[in-house]
Structures are given as structure tokens and as C-alpha cells.
Ligand code: NAP
């Protein structure tokens, strides 16, 4: 079940939020400790769905600062008024008299840590006569969630177990697989009652929460930071479109990624996407890796093959496919030739970071001639020497005669969308211009390229291709690329607060 906490402060706002929440939630939690004034009888009488009545004291992370007797009297009144559930803290449960059909949620909160004696605390709660036991603890590391999942798996008592904070966010989604009684989700951003709560809209439309069950396969993206990641939007949409019982989660891994992978074997994760800063360090956790990982030292995909972890790189084939499709579109006759359509193409590549390395490796493999330019010239020289390319200073790129111009710098990314890494003088009609930047999907470079008569290719194509190859590696099914493309654009548009340039490509 999904429960939306109502954190509004006035009677009118509480009523309005309850009505809005009931459209997406199974029940609402009246957080009376947030309210400045209310008429509990009127609230309960006009409830649009079942309610939990909570009046949390400061000592348990709530906002109620008045006398304890007054706080408990409110809970007692809620029982008398027939609220479906009343939440009472473990240390206060003995003072509450049961009544009617109200069920008692007996809770314990720890806003500092996930305590070592979690099972013991849960045992106390169960023995206190709780109809539903609740433990909510702060996670300092994503591995803390595993202890909550263990608790849920090992109890037959109805239990709500949640890890708070960003590190614990997956517990709010994945708990359902382990029979969590309910999860809390906020009505909107800013209306959270505890840290790490996600919106009810994300829970249902992004993570398809209601479809998660005991057999749901687990996938996720390992990153730090992870909140900005577009991968959950695109891969959950793909699983949904393919009718698969699977969920894809954002996994914020702050420490040792190898230790994380080892620990998460406990819940049998079927596959990971891997991004910054873990693409290299995670290789040590693999039983086997593919040839591209061996050659580039960068891994972005993990597949669980009956307990053995196989590491792959879909970044390189993903971006090569985006370029090859653009060439085949521009020169259909070239597609008929043997070998890659990239062979002998003259490529001017801007940047010398991780994205550049993947691209240069793939381009050289396919026989392209690559010239690199980068803000820090020495990095361009190092990459060029390692992979057999030419180099040119960034301020002389307009001199280069190229068939393809590729931007792998972060110039033009969201927040600085009017910047471009290349002057118009470097663009020639008919040239393919590929921008690795995908947020925004249409950068200033691509708009300039279109105006000059080039063939613009958005970084969206790369992002979708690498994710589509991950989906195919994990599921052995064809990826629903159009669905994935649409999900990515929709999510980017949702997140973007700036102007929307016209669609290219
Ligand atoms: P990175 O390793 O940090 O490299 C960043 C590159 O951008 C470096 O060459 C850096 O030059 C250059 N740069 C940064 N700020 C600059 C500025 N103000 N002026 C000129 N050059 C500047 O990052 P990365 O992982 O390669 O990623 C680069 C871009 O590719 C990002 O926008 C990322 O989102 C995008 N990307 C997209 C996909 C996709 O699927 N579409 C995949 C991977 C990456 P210095 O060497 O001088 O610092």
C-alpha cells in the first residue's frame, strides 16, 4: 500500500491535501504534529480514504513540542473517532487504551543510524501488542537497507520497515518485494514528512510500485551522485513496455563499490548499470569481463549469470551505432560496403575525458582517422598518443577538414545551454555533428550545425543506445528503443526549467 503523509498546517489545507492524496494513495497519514490548528472530528469524518493518525513528538523526529498528556490525548481521541490506524511510539504504547476497530501501529524512529539491534527493537514492538510494527531508521550507507530487507523477510508480523535518507531511498520502493506493509510517499516535492521520501507520482509512474512483488527482478544504476540519473526513467519504461516483472533503482554508492556488489548479492540483483565514479573500480568485483572492458578499463554494465558477474561495456557500441546510423542516413550507398561505414572517415573530436576515450577507442577500431582537441592540450596529447590519433590546439579547430565533428566536452550542458564548444567556422555543410551532451537534447552546437547545413545527432541517441544494449544483454529481448527515447525526453523536459529549443533529429 502507498500512504501519503499530510504535512499541511491548516484545516483547509489538510482537507485539500487529503482529497488530492486519496486519488493516488491507499491511505493517508494525518501528521497532526505539523498542523498549527485542526478539528480532528471534522477531519476524520470527511476523510476520503483510510487514515493513520500520528502526533509525533520531537524526540522521535516529529514536531509536537507540547505536554505529553496532550499529545497522547489526541491519539486517544482518534481511536474514539474510529480512525483506521493510530501510530503510537514504542515508549508510549502502554499509555494508550485500545478501542473499536482502530489498529495500532507501534513505531520506533532513529534519525541518526540504522541500529545494530534492529531485530531486538522489532521484537519489543511486536511484544508490545502492535497490530503493525514500524521501524524507520537513517541509512548512512545503502547497505543498511539490506538489514531492513532481512527484517522484513524474517518476520511473519505485519511490519513497516524503512530506511530514511538518500542512501536508504531504495527501501521505500523495494520493501514491497519483501512484504513491507506499506510505504510512505510525498504528495509533492517539498511535502515530505521524512528525509528520502519520494513523490507518490514517481513511485507509481516511474517505479510502477504496485506491480512489485516477491518475484520482481532487481536492476539498478550504481552512481554517486545518482539523483540526476535518467537511467531509472528509461529502463523502468522499457521493462514496463516489454511486460517484464522487473524494477530498476537508483543506487547511491558512496564507498567501496566492490564491497557494495558483494553485499547486494544477498538480494540477487540481476544487473547493474554503472556510471561515475565507479566504472573502473567495479571491474575488481567481476568474475569475467568483455573485450572492450579489457581494452578501455571502463565498465558500464553488469550481468548476473547464475551468480557469476559478467562485466560489459555498452557505451562504445552504443555511440558507434549512433554515428553509423547517421552516416547510413546521409550516405545510403556507403551502407552497402563491407566493414564499418566509419572506416576512413575524418573525425574531429573535442574533449579528452571518459566519453572521449570511449569514442576514440571505437572510432580507431573501425578505421576512422581521429584528430583530438581539448581545453587542456596535454590531456589531448596523452589520449592521442595512447590510441594513435592526431592532435590540434583547440583554437585552431576551424582549420581541420573533417567529415564528422564530435563534442565530448561538457560545454553546452544544462545550466549553461548557450555555450558551444566549437565556433561556426569549424562547421561545414554536410558534416555530421554529434554532441555527446544529452541534457538538453538539442544543444546550441546542434542548432548551429543545423543552420549551417550539417547533420545534427543528439547525445540522446548514445544514451538510449547504451541503455538499449544493456536491456538486451539482461533480458535477451529486443529493446523498445522508441519507448526509451520517449521516456528520456519526457523526463528531461520534466526536469528542465529553462527554454525549450526546437526538436532536432
Ligand atoms: P569528463 O571525463 O569530466 O571530461 C570532460 C571534458 O570536457 C574534458 O575534456 C574537459 O576538458 C572538457 N571541458 C569541461 N569544461 C570545459 C570548458 N568549460 N571548456 C572546454 N572544455 C571543457 O566527462 P565525460 O564523462 O567525458 O563526459 C563529458 C560529456 O559527455 C558530459 O556532458 C556527459 O554528460 C556526456 N556524456 C554523454 C553520454 C551519452 O550517453 N550521451 C555518455 C557519456 C558522457 P579538460 O580536460 O580541459 O578538463
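The values are calculated or read from the model by the stated rules, or taken from the named source; none is laboratory data. All values reported here derive from a predicted model rather than from experimental measurement. Backbone-built Cβ (ideal geometry, glycine too); neighbour counts: all protein chains shown.
Numbers at a glance
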{"read-out": "In segment 17-64, residue surrounded by the most Cβ atoms within 10 Å (Cβ to Cβ) [restricted to those that are under 30 Å from the mean Cα position of the chain (by Cα) and part of a helix (DSSP H, G or I)]", "value": "21"}
{"read-out": "Some residue of segment 95-102 being closer than 20 Å to residue 135 by Cβ and modelled with pLDDT of 95 or more", "value": "yes"}
{"read-out": "In segment 443-461, the residues that are in contact with a helix residue (DSSP H, G or I) (Cβ under 7 Å, 6 or more places away or on another chain) and either closer than 16 Å to residue 325 by Cβ or outside any helix (DSSP H, G or I) (or both)", "value": "455, 456, 457, 458, 460, 461"}
{"read-out": "Checklist (1) touching a strand residue (DSSP E or B) at 6+ places or on another chain (Cβ under 8 Å); (2) outside any strand (DSSP E or B) applied to residue 302, failing item", "value": "(2)"}
{"read-out": "Residue in segment 274-299 that is nearest to the ligand (Cβ to nearest atom), counting only those that are outside any loop (DSSP other than H, G, I, E, B) and over 15 Å from residue 253 (Cβ atoms)", "value": "296"}
{"read-out": "Flag if residue 136 is at pLDDT 95 or above and outside any strand (DSSP E or B)", "value": "no"}
{"read-out": "Residue identified as over 19 Å from residue 348 (Cβ atoms), within 27 Å of the chain's Cα centre (by Cα) and away from the ligand (no atom under 16 Å from the Cβ) among 441, 480", "value": "480"}
{"read-out": "Within segment 344-363, tally of residues that are closer than 22 Å to residue 399 by Cα and surrounded by fewer than 18 Cβ atoms within 10 Å (Cβ to Cβ)", "value": "2"}
{"read-out": "Residue check, residue 385 more than 30 Å from residue 221 (Cβ to Cβ) and surrounded by fewer than 17 Cβ atoms within 10 Å (Cβ to Cβ)", "value": "yes"}
{"read-out": "Among the residues listed as 69, 78, 73, the single one being more than 36 Å from the chain's Cα centre (by Cα) and buried (at least 20 other Cβ atoms within 10 Å of the Cβ)", "value": "78"}
{"read-out": "Test: residue in segment 466-476 that is closer than 26 Å to residue 237 by Cβ, within 10 Å of the ligand (Cβ to nearest atom), modelled with pLDDT of 95 or more and in contact with a helix residue (DSSP H, G or I) (Cβ under 6 Å, 6 or more places away or on another chain)", "value": "yes"}
{"read-out": "Per-region count, segment 101-116, residues closer than 21 Å to residue 52 by Cα and out of contact with any strand residue (DSSP E or B) (no Cβ under 7 Å at 6 or more places or on another chain)", "value": "1"}
{"read-out": "Count - residues of segment 305-339 that are part of a loop (DSSP other than H, G, I, E, B) and either touching a strand residue (DSSP E or B) at 6+ places or on another chain (Cβ under 6 Å) or touching a residue at least 40 places away in the same chain (Cβ under 8 Å) (or both)", "value": "3"}
